[in-house]
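All remarks here apply to the structure that follows.
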Amino acid sequence: MIRVKVINPNTTASMTAKIRAAAVAAAASGTEVVACQPTRGPVSIESHYDEAISAIGVLDEIHRGEAEGCDGYVIACFGDPGLLAARELARGPVVGIAEAAMHLASLVATGFSIVTTLQRSCIMAAHLVQAYGMSGFCRKIRAVDLAVLDLEDPSSESSARITEECARAVEQDGCGAIVLGCAGMADLAGRISGHLGIPVIEGVSAGVKLIETLVSLGLRTSKHGDLDFPPVKPYAGDLSGLAPKPRPAAR
Ligand code: 5HY
């Protein structure tokens, strides 16, 4: 049995429920999915500021996961907030849904397009495309101009608008696959893929499968170099609880 903690970095419970459903549907029979959201932070992540603050909530949940004996983690927000800090803190592997979706897309197509929420989120996605070495694969990053929480509102017709934007990408971008650029779109991939006849990848299930693969191969984050546990030191003020503590002896 492996225990995978799937963290929704925003604090909207309905989105966590959607993320949990996608993670459980993708998980192998021997995988226990623990889906959660932080107790503090933004209701949605749509700016660099939201992302910076949400990383604190992600690290809260990694701390809890280490105490709960989790074997691996998925950061279920397309900005992959706090990814490298989480890798420093955790014994087991940690993946972000943007990273996971892009890598899987690159295995099934020579080019993919990303469809995300707001125009400004395109810039944040572009930074990750660069950081993950995916510039040669990413044909275009598109936005449907919907707020993240509009995805939770059936009257926003978000599903139809996202499908239309994916269809435009197939017609115009020369892409062979689509990456859905928000955890709140996790429930749409199968239907849009069926409708368009091409691979449509959402990062929650991609992330769960990658963690299962890494854990089953005995692969964990290297503690040699920059992803070693953070050095122990005191933190001041109301963040003192997040101060890195001496590590218990490795299991
Ligand atoms: C996400 N925001 O996946 C990102 C998507 C975005 O709260 N969950 C969020 O638009 O950046």
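Per-structure values
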| read-out | value |
| --- | --- |
| Amide hydrogen neighbours beyond the local backbone of G96, cut-off 5 Å, H modeled | I75 |
| Shape of the chain, Cα gyration tensor, a/c cut at 1.5 | prolate |
| Helix 203-216 axis, angle to the chain major axis (alpha carbon atoms, nearest 10°) | 50 degrees |
| Cα gyration tensor shape for segment 106-237, rounded if a/c is under 1.5, else prolate or oblate | prolate |
| Mean-position separation - Cα centroids, segment 19-95 and segment 151-218, in angstrom | 19 Å |
| Only Lys, Arg (+1) and Asp, Glu (-1) charged, at Cβ; segment 113-186 dipole about Cα centre in debye | 360 debye |
| Computed magnitude of the charge dipole of segment 27-114 (debye, nearest 20; Cβ of K, R +1, Cβ of D, E -1) | 80 debye |
| Cα-based shape type of segment 166-251, given that a ≥ b ≥ c are square roots of the gyration tensor eigenvalues and the cut on a/c is 1.5 | prolate |
| Under 29 Å from the Cα of K245 - lysines, other chains or at least 8 residues apart | K5, K223, K233 |
| Rounded to 10°, Cα long-axis angle of helix 48-68 versus longest principal axis of the chain | 50 degrees |
| Helix 158-172 vs. the chain, principal-axis angle (Cα, 0 to 90°, nearest 10) | 70 degrees |
| Electrostatic dipole magnitude of the chain [Cβ: Lys, Arg +1; Asp, Glu -1; Cα centre; debye, to 20] | 720 debye |
| Given charges at Cβ of Lys, Arg, Asp, Glu: the chain dipole, positive-most of G30, Q119, A236 | G30 |
| Long-range amide H partners of T116 with built H, under 5 Å | R142, A143, V144, G181 |
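Quick note: the coordinates plus some simple rules give every number you see, no bench work behind them. Bear in mind that the values here come from a model prediction, so they are computed numbers and not experimental data. Please note: Cβ atoms are built from the backbone with ideal geometry, for glycine as well, and neighbour counts cover all protein chains shown.
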